[in-house]
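In what follows, a structure is listed as structure tokens, so that the remarks can point back to it.
The values are calculated or read from the model by the stated rules, or taken from the named source; none is laboratory data. Model, not experiment: these values are computed from the prediction. Here the Cβ positions follow ideal geometry from the backbone for every residue, glycine too, while neighbour counts run over all protein chains shown.
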Amino acid sequence: MPQRLLTAQDLRAYGLTVSDVCGRPRALTETWRLPEPATRMLRDFLSREGFDPSLPIHVHAADSGFFLTQ
């Protein structure tokens with residue numbers, strides 16, 4: 001199962017903001033699906049990290065960024 005920490009700096013490098021990943025304010029314990037627009041913009045990054053962009057990618061907030069899992 002691929003897992004990767006995505007920091008705010010990583011997001012900026014791909015032209016994304018925190019709100020592009022969150023969509024709305026989220027509780028620290030909440031897990032959600034990475035929005036489709038963010039998945040499209042991160043497609044190359046996700047593939048390099050072992051994710052399959054055609055399948056759901058789950059996001060969980062962390063102090064230092066977001067954990068992506070699949």
Inset, instruction - Using the structure shown, decide if S54 is without any contact (Cβ under 8 Å) to a residue 24 or more places away in the chain, part of a helix (DSSP H, G or I) and of a type outside the set (V, I, T). - result: no
Inset, instruction - Given the conditions (1) in a loop (DSSP other than H, G, I, E, B); (2) in contact with a Gly (Cβ under 8 Å, 6 or more places away or on another chain), report the number of the one that L5 does not fulfil. - result: (1)
Legend entry - Conditions (1) under 15 Å from L11 (Cα atoms); (2) assigned to a strand (DSSP E or B); (3) without any contact (Cβ under 8 Å) to a residue 40 or more places away in the chain; (4) of a type in the set (A, V, I, L, M, F, W, C): number failed by W32: (1)
Inset, instruction - Output the number of residues of segment 12-41 satisfying the condition of being touching a strand residue (DSSP E or B) at 6+ places or on another chain (Cβ under 8 Å), surrounded by 14 or more Cβ atoms within 10 Å (Cβ to Cβ) and either among the basic types (K, R) or at pLDDT 90 or above (or both). - result: 5
Inset, instruction - Determine the pairs where a residue that is farther than 16 Å from I57 by Cα, located within segment 18-29, has a partner that is assigned to a loop (DSSP other than H, G, I, E, B) with Cβ atoms under 9 Å apart, the partner being 6 or more residues away or on another chain. - result: L28/D63
